[in-house]
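Beneath this line is the structure, given in structure tokens, with notes to follow.
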4 protein chains.
Amino acid sequence: MIIVMEKTSDCATLETYLTEKGYEVHSLEGGDEILLHLIGDTTALEIQSLSSYEGVRKIVRTKAPYRYVNKPRTSGPFLIGERRLDDMLPLYIAGPCSVESKEQILHIAEKVKEAGAHALRGGAFKPRSSPHSFQGLHKEGLQHLKSAAKAHGLLSISEIVDKEDLPLFEDTVDIIQIGARNMQNFSLLKALGKSSKPVLLKRGFANTVEEWLLSAEYLMMHGNDKIILCERGIRTFEPSSRHTLDLGGMLAAKQTTHLPVIVDPSHAAGDYRLVEGLSKASIAAGADGLMIEVHDKPFQALSDGAQSLKPKRFAKLIRSLKAFEEHN
Amino acid sequence: MIIVMEKTSDCATLETYLTEKGYEVHSLEGGDEILLHLIGDTTALEIQSLSSYEGVRKIVRTKAPYRYVNKPRTSGPFLIGERRLDDMLPLYIAGPCSVESKEQILHIAEKVKEAGAHALRGGAFKPRSSPHSFQGLHKEGLQHLKSAAKAHGLLSISEIVDKEDLPLFEDTVDIIQIGARNMQNFSLLKALGKSSKPVLLKRGFANTVEEWLLSAEYLMMHGNDKIILCERGIRTFEPSSRHTLDLGGMLAAKQTTHLPVIVDPSHAAGDYRLVEGLSKASIAAGADGLMIEVHDKPFQALSDGAQSLKPKRFAKLIRSLKAFEEHN
Amino acid sequence: MIIVMEKTSDCATLETYLTEKGYEVHSLEGGDEILLHLIGDTTALEIQSLSSYEGVRKIVRTKAPYRYVNKPRTSGPFLIGERRLDDMLPLYIAGPCSVESKEQILHIAEKVKEAGAHALRGGAFKPRSSPHSFQGLHKEGLQHLKSAAKAHGLLSISEIVDKEDLPLFEDTVDIIQIGARNMQNFSLLKALGKSSKPVLLKRGFANTVEEWLLSAEYLMMHGNDKIILCERGIRTFEPSSRHTLDLGGMLAAKQTTHLPVIVDPSHAAGDYRLVEGLSKASIAAGADGLMIEVHDKPFQALSDGAQSLKPKRFAKLIRSLKAFEEHN
Amino acid sequence: MIIVMEKTSDCATLETYLTEKGYEVHSLEGGDEILLHLIGDTTALEIQSLSSYEGVRKIVRTKAPYRYVNKPRTSGPFLIGERRLDDMLPLYIAGPCSVESKEQILHIAEKVKEAGAHALRGGAFKPRSSPHSFQGLHKEGLQHLKSAAKAHGLLSISEIVDKEDLPLFEDTVDIIQIGARNMQNFSLLKALGKSSKPVLLKRGFANTVEEWLLSAEYLMMHGNDKIILCERGIRTFEPSSRHTLDLGGMLAAKQTTHLPVIVDPSHAAGDYRLVEGLSKASIAAGADGLMIEVHDKPFQALSDGAQSLKPKRFAKLIRSLKAFEEHN
């Protein structure tokens, strides 16, 4: 880390303060400024506070703020249920936004399995902007999901919104999803960090890649390294899609961490007509998988119908992705 | 609500579907399109799903999506502790980002009281982007805050991040804060909706005013109408401040709801040199109060030092605000 | 277009006003509101002004605001120089950000030709944020570009920033580029609209897809329909790339217009390590081509070196794109 | 400037390269990295290109990128027409978005003069997103503006969009405006830099404060230091106002430069109901003036009616601002 100071400022006091905190401090004077070069682990240093020390012009991190996510994986193979993640890449997760009934999820499970999906998604505890919107079938929804996945040999995944539901999720799904709105729900992250279940961590729609990786860092620091990152679009001024898919961010994440990074083109698009193009783009760019919403009667869907593909269209998409898988 | 359809599409089926859902549907044909005008409460209708019905060009809400926040207040006076909010407007809340020790919070409490603040802030459960950053003193911090507030006749406020801590908060503070990162933590909103304590609801840094009011709607629907909204800056491309204070959003909120709306210029600015200007702007524009970070040794602060005013500067600011209070 | 009005407002006066402007106005009353449905070409109507008429709740366009860009192409084949654009798709444009010397552009021309590019880019009039940055070789740069392109059988393209240079550009390049910062320089658009040269119209980094297409509309209305649209990233809060590539916007543009849409991954990324992934993504998603910066000594480049590929890496990328071209 | 390099990289070659460019280079080794500290004027150095040198971890500017805008003013008093700017602060500019007719502008001029405005605005060359929108009365409009301003003892201001119109503007208006869309039209900036007329430079809606000041730097470098900066809102995800007024950016600009900074709340708001609050906020925060749209028949305005105040409401606003002027 570098602290750039005005030559006339009281560097000595600051150096003493930092030395007492355990850092080795080198200094270099030049022109009208002095550089303090800190050697040591600065991940816990309150840079923003330090920057208010009189005479500080700028403070710059020269190292990544992580201790875990940017290190090579050391534990054994990444297992989901009894399957190795490596054998499934690119990982295809599909299903309805919400579990709406036993029949609905069973029917869609059959269709996405036929099309080649590895895992079945279906929300049971829905984080909805309005309290007047459908909130999910809760425990019953998770049980329908579990049955449908089992019936068709699919892994299952659903979003958790409250840590008190963790035992229920551990009992019913293979992957627990942390949604975009909870990416910085640190209580939830700490709880999931203690679980042995794989976690799919969505990027918040207004969070930087660095913040996203720091949320993964919470999970790893508390003991869980079975993390799948999922880019799902960020909020921008452009209205032609619901969010703006950030494939540059997906690539930047992959260059920083060993963790797998998949893409959810459905939430990024908000419109089924953009989903195929964005899916192809993601796989071609090197994403480790996709999470796609599939619904058989989109206009009657209790949530997010407009961004759902019908089963036939989904099957066709999966076939067309094969060409890109081989060359990404 | 209006559904704009292509003339050639199957309107009849959609009309039947909507009529069965209880809406009165009027239609108007003109040019190559047909308008379906829905009469009835559409706050629970899944517009996004409907928009995927074949032939739909556009769906437009003509009414606000709220049932509560846009209605006049009907319960009695808004009390915080035993004081009427109306008697304190504009409400000044001040204190350190984090409670760091018993002495620190007691000292700052004295200073902000002298300056004219009504309430003492101090975080005990800190939502930090990095797990390596200071996470707060937890229960002990809340007790220090309570003592310091009591010693100086101040109301107290602190941020909750986990609903399991609700009894502790109800016991120690006068106002419970929901932070920006938890504005759409709907489990927490539902839990706080059942509390009798006033809630300060910060706007998420990537949330629209409408989403912010819908989060207040969650609180009200579950029974709590003692809500103070707090604008604290949104995330944009501009790096000269940490966030961009959205006073237009504050004004838009005030034009929609009877709920009081205050401003946190400290988090918006991220730099103490911008805090005074933004504070004056907020009060002049008509904000119902301010929440300002105050610290006596900013560069050593365990969080957010750079945006904290020293006590003297805070006192001077409060004096200078008097001129604006009278004319806003 | 629909005007939603409060039932109690003076609709009659507004209806008369609109009828006199030549619109057919139908009205429909329901609940506490009245809908006015305007039939006719509303592309020139000042909606924003109308919305301030007393009692107007909302005004909604139901038709696209275009007269030209959303219609099928009627003139003959799209020629660039003497070559048909259709025969070159996907179109690969490559070269340095700036023409720096005769030797530099000649050398890079040779390399990008070998790699399979169709056209050579090179800026001669550079729009730079700072007046202290390199501003380009101007006329001399264009002549070097022309010679280098001719020597290697490449088409040429360069950015114009001042309409007074139009004769010079018409004399030296095959495609005239309008850069992101000039996408809404309407004087320049009108001038280029009268040229017979193909125009590459970059999307402004803060412009919506609709505004981008309206800028193309300026060109077409003034007579030039040889337009290539180019998505190059939008400005967002994310710092890991210089801009955020908006492939959803690229797809939305292609669903609206017959005009070809290519992608510039270099300016979006700002970092050569992201360029390959974003290039593959773009072609897989269905982009009509790419514009990529190539430089043989990036760190000494007079502009934008960090986002430039070295010639070998570019050649490898073009080869790897073949697999995606066939399946997009 | 600091270049942070990996210890194992070839620093010597880079040092030689930089020394030959005239910089004094000091180096400091520590941990696994080496800092190169450059002493000298780096405003013209291509940092982005340099960052691609192998082994560079980061490059950080430690000085502002300006040579002019951050220095104290040295030429004489800032005159507009024959009046000193200092005598008019805060400067109030008002009038319609567009000059629509001789009568219209004359009538509004009378009203804004009565209310206390110093200058009359009125667009004659309108930059409109759509070519189908009203484009302005051009030369005739400027002459109406000139007559109306003269008739009521007001200064006049209008927006230029093409440098070929500069003689016409110099002949008709007292202040020449560069609009948001042309903030980075560097040809126009260079031309205006050579004019002796004061320039009002609006911030682009997607430009940083630094880019805005660099555009002022273009004007100053070419000889014109009579610049009024104008903040008018930036583009964000929030739809409740047309743009988001960035008062933090206004304050940051004022802390960097001696140039006066005013605010245009009308374009920021896009809605007349937000204009008063944002005007008060701006003056209270310390803005040097306001530019406000005023129209007597907003709903019939040929542009931007919804954000225009009626004359009475404008007069009332100006009166209410007096209280804030004294205390900002």
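Here are some notes:
- The P(r) of region A:2-60 has a tail past 18 Å containing 22 percent of all C-alpha pairs.
- Cα centroid separation, region B:185-214 to region A:84-151 (Å): 28 Å
- Here the contact order of region A:79-326, divided by its residue count and restricted to Cα pairs under 8 Å and six or more residues apart, works out to 18 percent.
- Other protein chain C-beta atoms within 10 Å of residue C-beta, averaged over D:49-58: 6.
- For region B:194-232, backbone nitrogen atoms closer than 13 Å to the point 7 Å from residue B:258 Cα along Cα-to-C-beta are found at B:225-227.
- Here region B:158-283 yields Rg over Rh of 0.97, to two decimals, using C-alpha coordinates and the Kirkwood radius.
- Taking Cα atoms only, the orientation of helix B:247-256 departs from the longest principal axis of chain B by about 60 degrees.
- Mean ellipticity per residue at 222 nm, deg cm²/dmol - from DSSP H runs of n ≥ 4 across the protein assembly as shown, formula -39500 (n - 2.57): -10500 deg cm²/dmol
- Computed over region B:78-132, the quotient of the alpha carbon radius of gyration and 2.2 N^0.38 Å is 1.35.
- Less than 5 angstrom separates the built amide H of residue B:294 from those of B:95, B:97, B:309, all sequence-distant by 5 or more or on a different chain.
- Value in Å of the Kirkwood radius, where region A:278-328 supplies the Cα pairs that are averaged: 11.7 Å
- In this rough spin-label picture, where each label sits 7 Å from Cα along the Cβ direction, the residue D:9-residue C:19 distance is 7.4 nm.
- Here the extension length gained between residue B:32 and residue B:86 equals 14.0 nm, from 0.36 nm per residue of separation less the Cα-Cα distance.
- Short-range pairs are left out: with C-alpha atoms under 8 Å and at least six residues apart, the relative contact order of region C:269-328 is 39 percent.
- Within the straight-line cut-off of under 19 Å between alpha carbons, the lysines reachable from residue D:194 are C:163, D:163, D:202, D:226, sequence neighbours fewer than 8 places apart in one chain being disregarded.
- Secondary structure note: in the protein assembly as shown, about 40% of the DSSP beta bridges are antiparallel.
- For residues of C:299-309, the mean tally of beta carbons on other chains within 10 Å: 5
- Ellipsoid semi-axes in whole angstrom, largest first, where each is sqrt(5λ) of the Cα gyration tensor of region C:238-328: 23, 16, 10
- Computed 3J(HN,Hα) for region C:6-17, one whole-Hz value per residue from the Karplus formula 6.51 cos²θ - 1.76 cosθ + 1.60 where θ = phi - 60°, is 5, 4, 7, 8, 7, 6, 4, 4, 5, 4, 4, 4, glycine and proline marked x.
- Cα centroid separation, region C:244-266 to region A:283-317 (Å): 21 Å
- Under 5 Å between amide hydrogens, built in the peptide plane, is the criterion, and for residue C:30 it picks out C:35 among residues at least 5 positions away or on other chains.
- Relative contact order, whole percent, for region D:2-60 stands at 48, derived from Cα pairs under 8 Å and 6 or more residues apart.
- Ratio of Rg to Rh over region B:14-112 (Cα coordinates, Kirkwood Rh, two decimals): 1.32
- Reachable lysines, given that their alpha-carbon falls under 16 Å from the alpha-carbon of residue C:150 and they are not under 8 places away in the same chain: C:102, C:111, C:113
- Nearest-0.05 FRET efficiency for residue A:140 and residue C:61, computed from C-beta distance (R0 51 Å): 0.75
- HN-Hα J in Hz across region A:93-106 - Karplus 6.51, -1.76, 1.60, θ = phi - 60°, x for Gly and Pro: 10, 8, x, x, 4, 10, 6, 10, 6, 4, 5, 4, 6, 5
- Per residue, the Cα convex hull of the protein assembly as shown amounts to 164 Å³.
- Cross-link reach list, lysines versus residue C:7, counting only Cα pairs under 18 Å and skipping chain neighbours closer than eight places: B:63, C:58
- Rounded to the nearest 20, the Cβ-based charge dipole of chain B about its Cα centre (Lys and Arg +1, Asp and Glu -1) stands at 1340 debye.
- Protein-protein interface of region C:127-153, residues with accessible area decrease of at least 30 Å², isolated chain reference, 1.4 Å probe: C:128, C:129, C:131, C:132, C:135
- Based on alpha-carbon atoms, the Kirkwood radius and the radius of gyration of chain D give Rg/Rh equal to 1.07.
- Residues whose placed amide H lies under 5 Å from that of residue A:80, excluding near-sequence neighbours: A:85
- Beta-bridge orientation, region C:79-326: approximately 10 percent antiparallel, per DSSP, counting only bridges with both partners inside.
- Counting only other chain Cβ atoms within 10 Å of each residue's Cβ, the peptide B:163-173 averages 1.
- Karplus (6.51, -1.76, 1.60) ³J(HN,Hα), θ = phi - 60°, over region A:188-204, in Hz, Gly and Pro reported as x: 5, 4, 5, 5, 5, x, 8, 8, 9, 7, x, 10, 9, 10, 6, 6, x
The values are calculated or read from the model by the stated rules, or taken from the named source; none is laboratory data. Remember, it's a predicted structure, so these values are computed and weren't measured experimentally. No Cβ is skipped: glycine too gets one built from the backbone with ideal geometry, and neighbour counts run over all protein chains shown. The area values use the complete protein model at the heavy-atom level, side chains included, leaving out ligands, DNA and RNA. Shrake-Rupley method; radii C 1.70, N 1.55, O 1.52, S 1.80 Å.
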